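Have a look at the structure below, then the notes.
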Amino acid sequence: MQQYIGTGRIGPSGNAAYTGTAGSYGPIGSQTYKVRVLVTTDAFVTTDGSTPSSTAGAYIVGLSPEYLTVTPGQTVKAVQVSAAGTLYVTEII
């Protein structure tokens, strides 16, 4: 079963490398309340600017895009589970 995400326009986007040290994208734009997040390897991800870890953040499977609700001004961060990768964030406006 596929979840309905809704529609939106593609807004600003960017990417950042992550390892055991978090990669980050932000701050989120003033009119953005949804982002599309893709990580190239399994990663822990946060949207509130805190540093992700196994106890803080969502486990996101690599190469599986996720849509997350955000508040303008927040920062998306990712840290590796076991291998370095790249965080891709697209603002949906």
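The values are calculated or read from the model by the stated rules, or taken from the named source; none is laboratory data. Remember, predicted model here, so these are calculated numbers, not experimental data. Please note: Cβ atoms are built from the backbone with ideal geometry, for glycine as well, and neighbour counts cover all protein chains shown. Surface areas here come from the heavy atoms of the whole protein model, side chains and all, with no ligands, DNA or RNA. Shrake-Rupley method; radii C 1.70, N 1.55, O 1.52, S 1.80 Å.
Among the residues of segment 68-88, count how many are under 17 Å from THR21 (Cβ atoms) and either open to solvent by less than 70 Å² (accessible area, probe 1.4 Å) or in contact (Cβ under 8 Å) with a residue 60 or more places away in the chain (or both). Within segment 68-88, residues that are under 17 Å from THR21 (Cβ atoms) and either open to solvent by less than 70 Å² (accessible area, probe 1.4 Å) or in contact (Cβ under 8 Å) with a residue 60 or more places away in the chain (or both) number 12.
Checking the stated criteria, THR21 turns out not to satisfy the condition of being open to solvent by 50 Å² or more (accessible area, probe 1.4 Å) and free of Cβ contacts under 8 Å to residues at least 24 places away in the same chain.
When residues in segment 25-38 are screened for being open to solvent by 60 Å² or more (accessible area, probe 1.4 Å) and in contact with a Leu (Cβ under 9 Å, 6 or more places away or on another chain), 1 of them pass. In segment 56-67, of all residues being without any contact (Cβ under 8 Å) to a residue 24 or more places away in the chain and in contact with a Phe, Trp or Tyr (Cβ under 9 Å, 6 or more places away or on another chain), the one that is nearest to SER13 (Cα to Cα) corresponds to ILE60.
Against the numbered list (1) of a type outside the set (D, E, K, R); (2) open to solvent by 40 Å² or more (accessible area, probe 1.4 Å); (3) at positive phi, GLY49 comes up short only at (2).
Has segment 2-18 got any residue that is over 12 Å from the mean Cα position of the chain (by Cα), modelled with pLDDT of 95 or more and either among the hydroxyl-bearing types (Ser, Thr, Tyr) or surrounded by 15 or more Cβ atoms within 10 Å (Cβ to Cβ) (or both)? Yes.
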